[in-house]
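The values are calculated or read from the model by the stated rules, or taken from the named source; none is laboratory data. Just so it is clear, the structure is predicted and the values come from calculations on it, not from any experiment. Please note: Cβ atoms are built from the backbone with ideal geometry, for glycine as well, and neighbour counts cover all protein chains shown.
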Amino acid sequence: MPLYSHIKEDFSLHSFNTFHIDAVARYFTEVDNIETLKELISSGQLDDKPLLIVGGGSNLLFTGNFKGIVVHLINKGIEIISRSDDSVIVKASAGENWHEFVTYCVKQGFGGIENLSLIPGNVGSCPIQNIGAYGVEVKDTILSVDAVDLHTGELLNFSNKECRFGYRDSIFKRDLKGKFAVCSVTFQLKLNPVVQLEYGAITQELSEMGIENPTIADVSKAVCSIRHSKLPDPKMLGNAGSFFKNPTVDEKFAEKLAETFPKLVSYPLGKEKVKLAAGWLIEQCGWKGFRDGDAGVHEKQSLVLVNYGNATGSNILTLAHRIQNSVYERFGVKLEMEVNVI
Ligand code: FAD
Ligand code: EPU
């Protein structure tokens, strides 16, 4: 079968995943614009083999070599679509680095995503799991998502509602998983932003910085500082952020659990549901700072699994299963993985 001219073979994915797993893709190609992506689809080169779209590789765990084709989307561009008195509509291409996009918006005074500073990865991935941090989820700023159907090459626009966002969830992780490539995301941001300080640690950080009336730039700085102090830098230590989601349970179940474990960390969600801090559950099972060979649990954040150097994806996955089993045995709570296991 003739190969599309830019397709590489037996390509190392080591620098394309922040866990730094030594996996090899049978085929690999970089795509820097939608037309090329459409051409690639119509060429038939994507047919009859597994296909994986990769952005920054910061939410992936490769458990072996990838037998199909990896498409690395690197299309760039930020465009201001329109402005009103109080908001601005900005469209960003999938291949833009997320934190650089946040920094651009903060500099322009466009508010709404400053709490999401320093999340690794690209703009195109932000709707996939509806990234969230420090009291904010990206879904609250997304107007729509443009995505190419990987089967037909058709470019479709998904409204916010059609994306069916939830906590670390969207239609692109469910019904449409692997079926669309997000090519750009359109955001509605505030021109007179109100800073979002519900997350306690931000207020504390700002007060330590001596700031009384914070701007969105101050909030971004505070968030970066908190993240630097808590989360490992993937450049220094392989990881993909939180490996598991914080589980949602019934209020009654959490109340019962709290009778046995009075220090249980939980957050009310309404509708008789409660979110539990998975990091706390994992720490209580004794996993914090655990290391088996090069696979480990971060010493400051039990939700983050790490690769000390030469762990394989299977080593990390085995550890993840052990953690899931022990949390279930002790608390009767099932931990769902957040990271995409390939
Ligand atoms: P990738 O890892 O490349 O891909 C993730 C998934 O999306 C894969 O299934 C992939 O196939 C799919 N995908 C990627 N791009 C596209 C596209 N254009 N079209 C269709 N599918 C696509 N996440 C949070 O929500 N909050 C946090 O606070 C947070 N903190 C983190 C901290 C660290 C240190 C790390 C390493 C990760 C953290 N994450 C966090 C997880 C991660 O940064 C996000 O999930 C991010 O959005 C992943 O972006 P990416 O470009 O690296 O995606
Ligand atoms: N905790 C512990 N031990 C730990 C870790 C956490 O007891 O080892 C408890 C503490 O009580 C702490 C609470 O859990 O107060 C919450 O911890 P933290 O504020 O660090 O947040 P998290 O719930 O562990 C979530 C997101 C992060 C996001 C932060 C900040 C998920 C799965 N994770 O972590 O997102 O950055 O909140 O908002 O929702 C990611 O998705 O990859 C990610 C890093």
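Looking at 115, 122, just one residue is modelled with pLDDT of 95 or more, within 14 Å of ligand 2 (Cβ to nearest atom) and out of contact with any Leu (no Cβ under 6 Å at 6 or more places or on another chain), and that residue is 115. When 219, 223, 195, 138 are screened for being closer than 30 Å to residue 36 by Cβ and not charged (D, E, K, R), only 138 passes.
Would you tally the residues in segment 298-312 being surrounded by fewer than 22 Cβ atoms within 10 Å (Cβ to Cβ) and within 16 Å of ligand 1 (Cβ to nearest atom)? Here the count works out to 5. Taking segment 74-103 as the range and being under 21 Å from the mean Cα position of the chain (by Cα) and exposed (fewer than 15 other Cβ atoms within 10 Å of the Cβ) as the test, the residues that pass are 76, 77, 100. Of the residues making up segment 227-240, those that are within 9 Å of ligand 1 (Cβ to nearest atom) and closer than 23 Å to residue 204 by Cα number 4. Could you list all residues from segment 79-111 that are within 16 Å of ligand 2 (Cβ to nearest atom) and in contact (Cβ under 8 Å) with a residue 24 or more places away in the chain? Of everything in segment 79-111, those that are within 16 Å of ligand 2 (Cβ to nearest atom) and in contact (Cβ under 8 Å) with a residue 24 or more places away in the chain turn out to be 98, 102.
Of the set (1) assigned to a strand (DSSP E or B); (2) surrounded by fewer than 18 Cβ atoms within 10 Å (Cβ to Cβ), all apply to residue 212 but (1).
Listed here are the strands (runs of 3 or more DSSP E) enclosed by segment 1-70 that have at least 1 residues being within 14 Å of ligand 1 (Cβ to nearest atom) and buried (at least 16 other Cβ atoms within 10 Å of the Cβ): 24-31, 51-54. Restricting 64, 44 to those that are over 20 Å from the mean Cα position of the chain (by Cα), outside the structural domain of residue 127 (by TED's automatic domain parsing) and at pLDDT 95 or above reduces the list to 64. Of all residues in segment 244-279, those that are surrounded by 17 or more Cβ atoms within 10 Å (Cβ to Cβ) and either near ligand 2 (Cβ under 8 Å from one of its atoms) or more than 20 Å from residue 168 (Cα to Cα) (or both) total 8.
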